[in-house]
Amino acid sequence: MPELRRRQVLGWGASLLALSMTAMTHDLLAATPASPAPPAELGTALPGARLVGTGVLRFFGLRVYEARLWATAGFNPLDYARQPFALELVYDRKLEGEAIAERSIAEMRRVAPFSEEQGRQWLRMMKQAFPDVVAQDRLLGLNDGTGKVVFLYNGRETATIDDALYARLFFGIWLSEQTSAPALRAALLGQG
């Protein structure tokens, strides 16, 4: 009889766990909006922008940030550098701005080669553009399609650069076929 009682208790426990997990999953799904609202700064910078796609960058299984690609209708990913769009990163953890800038240079080299001098200039600019971040901080890069890039941190402009090669290589970190994160690229382009 004790064995039967033990099985019943374990069965009830498993049932309660399953019910609570189902309820918790339902609550999480209900609390998650189907699509995030466009950042306020896109109202004037990129009117009519819509969410193309969103994805999460993970490092050793830990969430680093959620990336969101905003563009107007007709966005062509094969010619991303010559089109207006915005790439928004919402961070999940604390990171140093200098480390973000240095990693950006390394990732840009995967897209295409550039000179050491260009790399030094771009690194200086990105150290200004990317402050230290904590969870829920947002970095937004606006590409105007002609080579001008504006960076914003939590809605406040931090840097501007007018350099078509930089724009192509920087946004290529996420959007080029040479990206180190092809699954994230596919998600951003609405293909994943």
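Quick notes
- The residue list Leu69, Leu62, Leu46, Leu42 contains one member that is over 13 Å from Leu140 (Cβ atoms) and not charged (D, E, K, R), which is Leu62.
- Taking the range 71-185 and the helices (runs of 4 or more DSSP H) fully enclosed by it, the elements with 2 or more residues that are β-branched (Val, Ile, Thr) are at 97-111.
- Within the range 137-154, considering residues that are farther than 17 Å from Ile105 by Cα and small (Gly, Ala, Ser), the one surrounded by the fewest Cβ atoms within 10 Å (Cβ to Cβ): Gly145
- You will find that of Val134, Val90, the residue that is under 23 Å from Asn154 (Cα atoms), in contact with a strand residue (DSSP E or B) (Cβ under 9 Å, 6 or more places away or on another chain), open to solvent by 50 Å² or more (accessible area, probe 1.4 Å) and among the β-branched types (Val, Ile, Thr) is Val134 and no other.
- Within the range 67-83, the residues that satisfy the criterion of being under 21 Å from Gly155 (Cβ atoms) and surrounded by 18 or more Cβ atoms within 10 Å (Cβ to Cβ) are Ala67, Arg68, Leu69, Trp70, Ala71.
- Which listed residue, of Val9, Val52, is surrounded by 13 or more Cβ atoms within 10 Å (Cβ to Cβ), of a type outside the set (Asp, Glu) and either at pLDDT 90 or above or in a helix (DSSP H, G or I) (or both): Val52
- Residue check for Gln178: polar (S, T, N, Q) and over 19 Å from the mean Cα position of the chain (by Cα): no
- Subset of the range 99-126 [of a type in the set (D, E, K, R) and buried (at least 16 other Cβ atoms within 10 Å of the Cβ)]: Glu107
- Within the range 77-100, being more than 30 Å from Gly48 (Cα to Cα) and of a type in the set (Gly, Ala, Ser) holds for Gly97, Ala99.
- Filter pass, Asp137 being touching a residue at least 24 places away in the same chain (Cβ under 8 Å) and over 20 Å from Glu66 (Cα atoms): no
The values are calculated or read from the model by the stated rules, or taken from the named source; none is laboratory data. Values in this document were obtained by computation on a predicted structure and should not be read as measured data. Reconstructed Cβ throughout: ideal geometry from the backbone, glycine too, with neighbour counts over all protein chains shown. With ligands, DNA and RNA removed, areas are computed over all heavy atoms of the protein, side chains included. Shrake-Rupley method; radii C 1.70, N 1.55, O 1.52, S 1.80 Å.
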